[in-house]
1. Would the range A:257-279 turn up any residue that is of a type outside the set (A, V, I, L, M), closer than 30 Å to A:K498 by Cβ and open to solvent by 50 Å² or more (accessible area, probe 1.4 Å)?
2. Mind checking which residues of the range A:132-154 are charged (D, E, K, R) and surrounded by 17 or more Cβ atoms within 10 Å (Cβ to Cβ)?
3. Given the conditions (1) more than 22 Å from the chain's Cα centre (by Cα); (2) without any contact (Cβ under 8 Å) to a residue 12 or more places away in the chain, report the number of the one that A:T174 does not fulfil.
4. Using the structure shown, decide if A:N90 is touching a residue at least 12 places away in the same chain (Cβ under 8 Å), touching a Phe, Trp or Tyr at 6+ places or on another chain (Cβ under 8 Å) and either within 11 Å of RNA strand B (Cβ to nearest atom) or among the acidic types (D, E) (or both).
5. Which numbered condition in (1) at pLDDT 95 or above; (2) exposed (fewer than 13 other Cβ atoms within 10 Å of the Cβ); (3) more than 29 Å from A:Y184 (Cβ to Cβ); (4) of a type in the set (D, E, K, R) is the only one that A:K564 fails?
6. Kindly evaluate A:E445 against the criterion of being assigned to a strand (DSSP E or B) and open to solvent by 70 Å² or more (accessible area, probe 1.4 Å).
7. Any idea which of (1) on the phi < 0 side of the Ramachandran plot; (2) crowded, with 16+ Cβ neighbours inside 10 Å; (3) touching a residue at least 24 places away in the same chain (Cβ under 8 Å); (4) not hydroxyl-bearing (S, T, Y) is the one A:L381 doesn't satisfy?
8. Is it true that A:D318 is within 16 Å of RNA strand B (Cβ to nearest atom) and open to solvent by less than 80 Å² (accessible area, probe 1.4 Å)?
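The values are calculated or read from the model by the stated rules, or taken from the named source; none is laboratory data. Remember, it's a predicted structure, so these values are computed and weren't measured experimentally. Positions of Cβ are backbone-derived with ideal geometry, glycine not excepted, and every protein chain shown enters the neighbour counts. In case anyone asks, the SASA skips ligands and DNA or RNA and just uses the protein heavy atoms, side chains included. Shrake-Rupley method; radii C 1.70, N 1.55, O 1.52, S 1.80 Å.
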Amino acid sequence: MNKQHARTHYCGELTETHIGDTVTLCGWTHNRRDHGGLIFVDLWDKKGIVQVVLNPQIDQLAHQHAQSVRGNFVLRVTGKVRERPEGMINDKLSTGKVEVYIDDFEILNRSKTPPFSVWEDQEVSEAIRLKHRFLDLRGEMLQRNLNIRYQITRKVRETLDKQGFIEVETPMLTKSTPEGARDYLVPSRLNAKKFYALPQSPQLFKQLLMVSGMDRYFQIVKCFRDEDLRNDRQPEFTQIDMEMSFVTEEELFGLVEEMVCGLYKDILNIEVPKPFQILPYKDAIRKYGTDKPDLRFGLELIDLGDVVAGTSFKVFADVLKSGGQVRAINAKNSTETLSRKVLDDLTEVAKTYGAKGMAWIKINADGLQSPITKFFEQEMLDKLIAEVGGEAGDTIVFIADKPKVVADALAHLRLELGKILSLIDESKVCLAWVTEFPLVEYDEEDNRYVALHHPFTSPLQEDEDKFESAPGDIRARAYDLVLNGNEIGGGSIRIHTKEIQDKMFQLLGIDEEEARIKFGFLLDALQYGAPPHGGIAFGLDRITMLFTGADSIRDVIAFPKTQKATCLMTEAPSEVDLHQLKELKLKYDLS
RNA sequence: GGGGUCGUAGUUCAGUUGGUUAGAACGCUGGCCUGUCACGCCAGAGGUCGCGAGUUCGAGUCUCGUCGGCCCCGCCA
């Protein structure tokens with residue numbers, strides 16, 4: 001008992017090949033079954049579970065000690081691996097053909113009864129699990145997810161290393177950027193009234209590294225954005241961030257495809273075909289209403305503006321008159337599934353995205369069923385149905401509104417219909433590049449153009465003459481990688497000349513002085529031999545979600561935050577001592 | 001900022017129209033048990049019904065507020 005044995009094996013690794021060996025195992029008590037004369041303990045570690053047997057005939061003392069063992073106690077045991085007696089094999093365990101007869105038994109630590117059963121299937125409220133995250137992490141799902149997350153970063157590093165990238169760290173305490181998301185601010189003690197910001201991304205630093213001749217940079221790096229959380233959004237998240245000099249879109253796409261296909265092959269053993277589909281932004285919006293379409297199924301959007309032009313149906317006519325659109329989806333073979341109730345629910349979905357309503361026509365075997373057909377002349381109705389390829393069994397759903405509302409509502413209706421009609425093949429992997437995003441977009445509220453991607457994105461060369469005439473029509477050399485309807489990465493070829501960068505700032509309403517204050521260092525750098533360059537950043541958390549099938553980003557992060565951006569375990573954020581504030585020369589505004 | 005939903009033993013839940021002492025399962029504690037693996041059997045402990053007001057003779061149940069978890073809109077260059 002006094003002599004400490006070193007661990008020789010992981011619990012989950014023992015197999016028939018170890019029969020006869022004397023082993024020392026360390027782990028947690030997963031379960032115990034005390035038969036009085038004979039005690040079984042299921043010992044757990046990260047590799048799995050093995051049954052250990054305490055028999056007083058083998059070792060009286062060990063058996064006696066084991067009587068006080070409870071769940072989650074930490075044990076070190078030594079004993080001989082034996083084949084299980086006939087009929088005693090447990091098929092549910094990978095170690096189920098063997099068991100370990102213990103002759104040396106030590107309780108390394110006791111455990112309070114945990115607030116929930118770590119290894120049991122029972123669903124426990126997330127709040128309790130988050131408060132005791134260290135216990136939840138002992139569970140199978142999180143062990144697996146974090147393992148896959150690590151496999152992804154390992155493979156990314158391996159691939160990029162082979163391609164000549166080096167990983168460079170960039171500052172966490174940096175400068176606040178005016179555009180984009182809200183910054184997390186850090187007060188500077190040595191510089192009163194001044195603040196650092198935590199990076200929203202290492203964007204500018206990686207561009208500067210290109211000016212420095214690093215040629216190929218990457219970093220797996222935390223980024224911070226002080227915005228509201230979602231299912232797939234945390235205030236701190238991790239990007240796989242890359243930048244390359246003298247690169248073209250084609251070259252970058254090829255490299256990324258290599259990496260992504262490698263991940264699928266290595267981790268999920270799935271062969272994903274290359275190259276990925278390229279889908280210009282304009283086409284994506286036209287066909288799917290979104291820049292991140294789920295391409296695993298059809299249900300494309302159809303524009304009916306021309307067909308219904310001149311209709312007396314006031315809803316459509318008014319929308320068209322004010323520059324809006326009438327678009328539709330033909331849900332094939334859906335009249336049975338899309339009951340009145342389901343259509344009402346879909347209407348609510350449409351309303352969430354700003355639509356005032358959703359019109360529909362069911363093509364039943366015995367004729368049309370619809371609240372709106374009575375407003376149409378037969379001839380227009382025939383044309384309409386022909387246009388959408390309507391046949392018996394189909395349901396046509398319409399949204400009429402401003403183009404943005406129509407696209408938004410129909411994009412989400414399309415996804416809902418895909419789910420309801422079971423059109424989504426979960427085994428499919430559809431990856432596509434969405435390209436040619438608009439460079440800027442007009443912000444009605446602020447009365448100015450804002451960058452769609454970010455202000456350092458290069459315009460398409462052939463559109464450069466539109467800076468004055470039609471800024472909204474300038475296409476960007478920007479691209480997103482979309483996986484089954486999820487944006488998993490995005491990037492661009494950057495502006496590398498001061499002239500174009502100045503034009504861009506001008507377009508965004510950032511005057512010379514402001515540009516100098518905010519981005520002076522970048523503008524300087526661009527004048528000292530900045531190479532053409534471009535890059536991309538991937539959301540590691542989202543990729544891991546998709547690879548693990550996790551329902552929430554919290555399930556792929558070791559210590560995540562709640563929807564109110566708090567940590568239930570550490571109780572961050574918290575109040576601080578007054579003297580800390582004094583040192584920082586900060587005080588509360590109590591108003 | 002807004003909408004929705006949930007909150008009752010340690011955990012997951014039930015709790016009728018507002019009515020006696022708030023129940024079950026698992027877990028936990030003690031006892032018995034040499035082949036179990038969701039061991040079994042016997043006994044037991046365990047409750048600020050999230051919190052605060054209000055209505056009522058009486059509130060887990062109704063009303064209002066508030067706190068917290070989750071989902072969504074806005075937001076996320």
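1. Scanning the range A:257-279 turns up no residue that is of a type outside the set (A, V, I, L, M), closer than 30 Å to A:K498 by Cβ and open to solvent by 50 Å² or more (accessible area, probe 1.4 Å).
2. A:R133, A:D136, A:R138, A:R149
3. Here A:T174 meets the rest and fails (2).
4. Details: touching a residue at least 12 places away in the same chain (Cβ under 8 Å): yes; touching a Phe, Trp or Tyr at 6+ places or on another chain (Cβ under 8 Å): no; either within 11 Å of RNA strand B (Cβ to nearest atom) or among the acidic types (D, E) (or both): yes.
Considered against the rule, which asks whether it is touching a residue at least 12 places away in the same chain (Cβ under 8 Å), touching a Phe, Trp or Tyr at 6+ places or on another chain (Cβ under 8 Å) and either within 11 Å of RNA strand B (Cβ to nearest atom) or among the acidic types (D, E) (or both), A:N90 comes out as no.
5. Condition (3) is where A:K564 drops out.
6. no
7. The one condition A:L381 does not meet is (3).
8. no
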